[in-house]
Amino acid sequence: EAEDAFTRAQAAAPRDHRPLNGLGIARDLAGDHAAAQALYRRGLALAPDSPSLNNNLGLSLALSGAYAEAIQVLGDAAKSPGAGPRARQNLALVYGLSGDMDRAAKIGRLDLTEAQVRSNLKRYEALRKLSDKARARAVHTGQGPDG
């Protein structure tokens, strides 16, 4: 139902990147990461500096196992002017999902207390054990193991 609403919104305003972002999240939640990534990229063609599209593309790449590309996308987003803690913590999340807990912790410490970093590292380990759909849901909604 949400996907239908985003599709209608995108048809009504084809130059608006926001419905493409919503459609991408819906595809990620359904486990269709390739389609999600295509939607995020279409949105980025309309709004290249969109933090949400860049973050969601990076997360989707990680969910599909393309960790190096995800790290590149999120690393660029984290370095962009005005990037805040969310961009850095998404980068830390992707390092954690890839199994590089040392890098995840190093980046996490830029914004978080040591206790928060330890908690996140435990969450990353738990996320790595989830099914694809459960991991996508946990990553995109913040709900899931200890989220």
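Every number in this text was worked out from the coordinates using simple rules, so none of it is lab data. What you are looking at is a predicted structure, and each value in this text was computed from that prediction instead of being measured. Ideal geometry is used to build each Cβ from the backbone, glycine not excepted, and the neighbour counts take in all protein chains shown.
A few remarks follow.
- Which listed residue, of SER98, SER60, is surrounded by fewer than 21 Cβ atoms within 10 Å (Cβ to Cβ), under 28 Å from LEU121 (Cβ atoms) and under 14 Å from the mean Cα position of the chain (by Cα): SER98
- Selection count where residues are within 19 Å of LEU63 (Cα to Cα) and free of Cβ contacts under 8 Å to residues at least 40 places away in the same chain, scope segment 111-141: 15
- Residue that is within 22 Å of ALA5 (Cβ to Cβ), surrounded by 17 or more Cβ atoms within 10 Å (Cβ to Cβ), among the aliphatic types (A, V, I, L, M) and over 14 Å from the mean Cα position of the chain (by Cα), where the choices are ALA105, ALA36, ALA47: ALA47
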